[in-house]
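Q: Attaching a single structure in structure tokens format; questions to follow.
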């Protein structure tokens, strides 16, 4: 059997002790808690607050948000279930967890759709009040599962969450709708009690977030405290839990908790600031990328201009216009929008302007799976453009890596005067984890330079090292010039469609992107350095792969991994590393896109593990593959 | 040091690759005449174009230029304008570029009202691709792609712009250099978006398309020139005028003694209501005299100014800030550790 991060067995714990007096909290290692309910139940808030409280308490955390593609799918149905999974542990939490240890189900549909994820012996906390005939029927239950033996393999706690919430808020005399809306805070209070998490930061957050209405602050705060008190006083739970203290402490510093889209947004603002440029975002709403537009739109205190364009095409076009004007042009989108932007990205390749394109990938083709993750757009990023049109492609591998990736993308875009595509995905975008805020002196020195000396100026006269052409801001006297999509004559930039010039320009643009390799740091091989098997991954599978290799090394299996952040061009040392290992498996949430490129570039045999189910790899799935490939068993 | 620039100083010196007799030459001449007249520094001008014969324009002016992709010049232009509002930004486009492939960008440019001027060279045909139907080609037009005549209803650029709320909209024939120059100067002075539709023939694929209204000898009979504050008078002998009858424009004979001249419709380009300008733009030759001149010239909130003032307002309220504050905003916590620390992998 494969070990995963979490291996708790809640069945083995001691039975209920009397009089509401409870023993010491039971210590847990890595534990997975999943909140599920109707998409209107405030599940995302509930999960995010729990994750925050855990992170602030010093635990390592990673989360996964899952929500329906519809705003409000029919209430009470399985289609309308929203979920939020939190994996907590003392350290080395690299994924949002494989199997769920504790499921909080706010209605029958949530129980129905999430039960397959819960480990045998796991805890289920159900909002008993919502298990009424109407809801049971909508969820497809013929009988109430809380009342028969359907859930015998789990430890079930039926809690009248709605009832206790309204009792707690009775004295406030609030309308029923408001009382109903506060029940997620009751659930949060209860789960905070169960995991011995302090309430203070949640109370502070409520105060800040609902500052417009004193009534709502009061209702939510009281519901939160009531949930906590309920856990404390009821005899339902025999014991509470506490996550073990880490063996080693984290590096000293200031920490925060953030998701991939926020990390990209912050990274972009910081990158523009470090470069001394205005940040310009041209964007069009699309799931799951819109939060970057929302976040950057809030930060007008910086030189940040956001432009919600009429379509995906205008969004990237305006970003290119801004780059031409001397700003850092950025556009954000997901697969379908990426398809629309392609011609403009090609213009940026030809015009040789800095541009950052962020694709927060979702399931395709076409509209596909808008709220689910996939890594299906690598071919598109690499090869969707007509003509010989190389661009730099980077892939963020975790929410916190998004910050670094945004800065690196800006560095490359400006230094090499090229579009840089960042691939993220729905898992990273909405998944959160703690992050040590870098000290300012840890950030790169990267001021952008504009050419202002008209003497000898030629629009396509390249830097001998980077092959970048000069960046000249319109408004600079004596340097008026035209750029565009028609083939340019080398050096002078005049329109030139002659055969030799075209071939020269094609090779110069290709060579420029090749030279980006000089700026890519060496790869880090995780795990057994002399392993028989090397796992190669990119993007959001980083956590699952890293942990799987760790677990397998712990039982003595010879496996290592590398995780690529640079997908075009590849790091210089990649070929050598690939050749060092007798066997190689490429792990991707697609049908083998990186696998294709690796085999084409290095002419090496490679195996692959692919998954296209709209959900990230589980650690156990990768471990199974490792054991199968090595022909071993744990 | 100020040097006075002459018209030729605004020309890049490249030989235009337009066909002999193309109306584009006249536009280039009038445009550079206008630039010299207003004395705009060359480096402050950005010409953005799409694809088509018209879109070669920026190659021939001694300014900053961006020869973009088909239909998308307005998108590039708005990115330039939002980040560099001090620059004078001009889009040069054609009927296919602006109204067919770029129709979406065109309408949004017009409604947002950035200080960007659009010169739309309307020859009612696709020239660069050698003679297909354009969105302004009249119904029944026989082209390579419509050998039996087009069944499409054409778009009217000025009507479309006014409908979208364009604060400046004008139409001028490419045969009239003086009028073009004057309108380019007026467009430059206007703060806000501006459409200048230039009627020009494609000598190769649509010869004589506009001659009924652009040829000097036909002008008096077939057009009406819009002049703000003046009555709309037209006809070969300039003896006809318009009078409002309900929602209709009624043609009256000025030779008729019973006509009360005080009832003649007087052009009001500054009227904030766009209805009259739209009504005039719908006059169509040969049923009506074809209007030339400035249909609308009104003040409206400028897009890039609104964006900038909002940014300044937020910055003022938030006070001085820096990336340290950004990174440390919201919920954070401190960790102080002993020697045995580890940093989380990213």
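Derivation of every value follows stated rules applied to the coordinates shown; laboratory data play no part. Treat the numbers as computed from the prediction; the structure is a model and nothing was measured. In this analysis, Cβ positions are derived from the backbone assuming ideal geometry, glycine residues included, and neighbour counts consider all displayed protein chains.
Q: Seen from all sides and averaged, what is the projected area of the convex hull of the Cα atoms in segment B:61-146, in nm²? The partial results should precede the final answer.
A: Details: hull surface 24.6 nm².
Mean projected area of the Cα convex hull: 6.2 nm².
Q: Next question. Counting just the Cα atoms, what span does segment B:139-233 cover along each of its three principal axes? Round to the nearest Å and put the largest first.
A: Sorted from largest, the Cα extents of segment B:139-233 read 44, 33, 25 Å.
Q: Give the Debye-formula value of log10 I(q)/I(0) at each listed q (0.06, 0.09 Å⁻¹), with one equal scatterer per alpha carbon of chain B, two decimals each.
A: At q = 0.06, 0.09 Å⁻¹ the computed log10 ratios are -0.28, -0.55.
Q: Here's a follow-up. Once the Cα gyration tensor of segment A:292-379 is found, what semi-axes does its equivalent ellipsoid get, as square roots of 5 times the eigenvalues, in whole Å, sorted largest first?
A: On the way: eigenvalues 105, 58, 20 Å².
Taking √(5λ) for each eigenvalue gives 23, 17, 10 Å, largest first.
Q: Moving to a separate point now. Using only the alpha carbons of segment B:133-193, determine the length spanned along each of the three principal axes and report them from longest to shortest in whole angstroms.
A: Taking the Cα atoms of segment B:133-193, the three principal extents are 45, 28, 12 Å.
Q: A further question follows. Could you give the distance between the Cα centres of segment B:1-75 and segment A:306-374, to the whole Å?
A: Centre-to-centre (Cα) distance: 29 Å.
Q: May I ask for the Kirkwood hydrodynamic radius of the protein assembly as shown, worked out over all distinct Cα pairs and given in angstroms to one decimal? Present the calculation step by step, with values, prior to reporting the outcome.
A: Details: mean 1/r = 0.0317 Å⁻¹.
Across the protein assembly as shown, the inverse of the average 1/r is 31.6 Å.
Q: Sticking with this structure for a sec: Could you give me the percent of Cα pairs per 10 Å distance bin for segment A:526-630, shortest bin first, beginning at zero and ending with the bin that holds the maximum distance?
A: 16, 54, 29, 2
Q: Shape of segment A:20-243 from its Cα gyration tensor (a ≥ b ≥ c, root eigenvalues): rounded if a/c is under 1.5, otherwise prolate when a/b > b/c, or oblate? Walk me through the numbers on the way to the answer.
A: Working: a/c = 1.27, a/b = 1.01, b/c = 1.26.
Because its axes are fairly even, with a/c under 1.5, segment A:20-243 counts as rounded.
Q: Can I get the semi-axes of segment B:114-159's equivalent ellipsoid? Compute them from the C-alpha gyration tensor as square roots of 5 times the eigenvalues, in angstrom, largest first.
A: Numbers: eigenvalues 112, 34, 7 Å².
Working through the eigenvalues yields semi-axes of 24, 13, 6 Å.
Q: Then there is this: Enter the mean number of other protein chain beta carbons within 10 Å of the beta carbon of each residue in B:316-324, as an integer. Show your work: numbers first, answer last.
A: Values: counts 1, 2, 4, 1, 1, 3, 4, 10, 4.
Across B:316-324, the average partner-chain Cβ count within 10 Å equals 3.
Q: Oh, and also: What fraction, in whole percent, of alpha-carbon pairs in segment A:256-442 exceed 21 Å separation?
A: Values: 7269 of 17391 pairs.
So the pairs more than 21 Å apart make up 42 percent of the total in segment A:256-442.
Q: For chain A, give me the percentage of DSSP beta bridges that are antiparallel, rounded to the nearest 5 percent. Walk me through the numbers on the way to the answer.
A: Values: 27 of 84 bridges.
Of those bridges, close to 30 percent are antiparallel.
Q: On to the next question. Would you list B:19, B:53 from fewest to most Cβ contacts within 10 Å? Let's see the in-between values first.
A: Values: B:19 14, B:53 26.
Ranking B:19, B:53 by Cβ neighbours within 10 Å, fewest first, gives B:19, B:53.
Q: Where is the GNM fluctuation largest for chain B (alpha-carbon springs, 10 angstrom cutoff): B:77, B:170, B:178?
A: The residue with the greatest mean-square fluctuation here is B:178.
Q: Right, here's the next one. Taking the Cα atoms of segment B:245-346, what is the range of coordinates along each of the three principal axes, in descending order and whole Å?
A: 105, 29, 23
Q: Moving to a separate point now. Hull surface divided by four, with the convex hull built on the Cα atoms of segment A:175-295: how many nm²?
A: Quarter of the Cα hull surface area: 12.2 nm².
Q: How crowded by other chains is A:248-261, given as the mean number of beta carbons from other chains within 10 Å of each beta carbon?
A: Details: counts 6, 8, 7, 6, 7, 8, 6, 6, 7, 4, 3, 0, 0, 0.
Mean partner-chain Cβ count within 10 Å for A:248-261: 5.
Q: Follow-up question, since we're still on this one. May I ask what percent, to the nearest 5, of DSSP beta bridges between residues of segment B:1-158 are antiparallel?
A: Numbers: 2 of 17 bridges.
Beta bridges within segment B:1-158, antiparallel portion: roughly 10 percent.
Q: Taking chain B as a Gaussian network, where each spring joins two C-alpha atoms under 10 Å apart, which residue of B:189, B:257, B:44 fluctuates the most?
A: Maximum among the listed residues: B:257.
Q: Sort B:229-237, B:154-162, A:127-135 for me by packing, meaning the mean count of neighbouring Cβ atoms within 10 Å per residue, highest on top. If you can, show how the numbers build up before the last one.
A: Values: B:229-237: 15.1, B:154-162: 22.9, A:127-135: 18.3.
With the highest mean Cβ count within 10 Å placed first, the list reads B:154-162, A:127-135, B:229-237.
Q: What whole-number value in cubic angstrom gives the convex hull volume per residue for the C-alpha atoms of segment A:112-255?
A: Values: hull volume 22.8 nm³, N = 144.
It is 158 Å³ per residue.
Q: Also, I was wondering about something else. So for segment A:85-193, what percent of the C-alpha to C-alpha distances run longer than 20 Å?
A: On the way: 2740 of 5886 pairs.
Counting pairs separated by more than 20 Å, the tail of P(r) holds 47 percent.
Q: Continuing with this model, one more query. Highest mean first, what order results for A:222-228, A:47-53, A:580-586 on Cβ atoms within 10 Å?
A: On the way: A:222-228: 22.9, A:47-53: 25.7, A:580-586: 18.9.
Highest-to-lowest ranking by the protection proxy: A:47-53, A:222-228, A:580-586.
Q: Would you calculate a helix-derived [θ] at 222 nm for chain B, using -39,500 (n - 2.57) for each DSSP H run of n ≥ 4 and dividing by the full residue count, to the nearest 500?
A: Details: 10 runs with 95 residues, N = 346.
Counting only the DSSP helices, I get -8000 deg cm²/dmol.
Q: Moving on to the next point. For segment A:251-265 and segment B:238-312, compute the distance between their C-alpha centroids and round to whole Å.
A: The distance from the Cα centre of segment A:251-265 to that of segment B:238-312 comes to 58 Å.
Q: Moving on. In percent, what relative contact order does chain A have, based on Cα pairs under 8 Å that are 6 or more apart in sequence?
A: Dividing the mean separation by the residue count of chain A yields 12 percent.
Q: How long are the semi-axes of the equivalent ellipsoid of segment B:44-187, defined as square roots of 5 times the Cα gyration tensor eigenvalues? Whole Å, largest first.
A: Details: eigenvalues 130, 51, 47 Å².
After diagonalising the Cα gyration tensor, the semi-axes are 26, 16, 15 Å.
Q: A follow-up question, please. Between residue B:29 and residue A:573, what is the FRET efficiency for a Förster distance of 60 Å, r being their Cβ-Cβ separation, to the nearest 0.05? Please report the intermediate quantities before stating the final value.
A: Values: r = 60 Å, r/R0 = 1.00.
Computed FRET efficiency for residue B:29 and residue A:573: 0.50.
Q: Using Cα pairs under 8 angstrom and six or more residues apart, how large is the relative contact order of segment A:256-442, in percent?
A: Working: 428 pairs, mean separation 54.2, N = 187.
Here the relative contact order equals 29 percent.
Q: Of the listed peptides A:482-489, A:247-254, what is their order by residue-averaged count of other C-beta atoms within 10 Å, with the highest listed first?
A: Values: A:482-489: 20.5, A:247-254: 15.0.
Taking the mean over residues of other Cβ atoms within 10 Å, the ranking is A:482-489, A:247-254.
Q: As an exercise, take the mean of 1/r over every pair of distinct alpha carbons in segment B:199-274, invert it, and state the Kirkwood radius in angstroms. If you can, show how the numbers build up before the last one.
A: Numbers: mean 1/r = 0.0702 Å⁻¹.
Computed over Cα pairs of segment B:199-274, the Kirkwood hydrodynamic radius comes out at 14.2 Å.
Q: From Cα pairs below 8 angstrom and at least 6 apart in sequence, can you work out the relative contact order of chain B, rounded to a whole percent?
A: On the way: 683 pairs, mean separation 49.9, N = 346.
Once normalised by length, the contact order is 14 percent.
Q: Return one number: the angle in degrees, 0 to 90 and rounded to the nearest 10, between the long axis of the Cα atoms of helix A:312-324 and the longest principal axis of the Cα atoms of chain A.
A: 50
Q: Express as a percent, rounded to the nearest 5, the fraction of DSSP beta bridges in segment B:134-247 (both residues included) that run antiparallel. Don't jump to the answer; show the numbers that get you there.
A: Details: 3 of 8 bridges.
That works out to approximately 40 percent antiparallel.
Q: Separate question: Between segment A:563-634 and segment A:192-241, what's the alpha-carbon centroid distance in Å?
A: 45
Q: Averaged over its residues, how many other protein chain Cβ atoms are within 10 Å of peptide B:43-52's Cβ atoms?
A: Working: counts 10, 4, 3, 7, 2, 4, 2, 1, 3, 0.
Counting Cβ atoms of other protein chains within 10 Å of each residue's Cβ and averaging gives 4.
Q: Run lengths n ≥ 4 of DSSP H only: what is the helix-derived mean residue ellipticity at 222 nm for chain A, with -39500 (n - 2.57) per run over all residues, to the nearest 500?
A: Working: 20 runs with 224 residues, N = 634.
That comes out to -11000 deg cm²/dmol.
Q: Could you give the length gained on full extension between residue A:155 and residue A:178, defined as 0.36 nm per residue of separation minus the Cα-Cα distance, in nm? All intermediate terms of the calculation are to be shown ahead of the outcome.
A: Numbers: separation 23, 0.36 × 23 = 8.28 nm, distance 3.10 nm.
Separation in residues times 0.36 nm, less the Cα-Cα distance, equals 5.2 nm.
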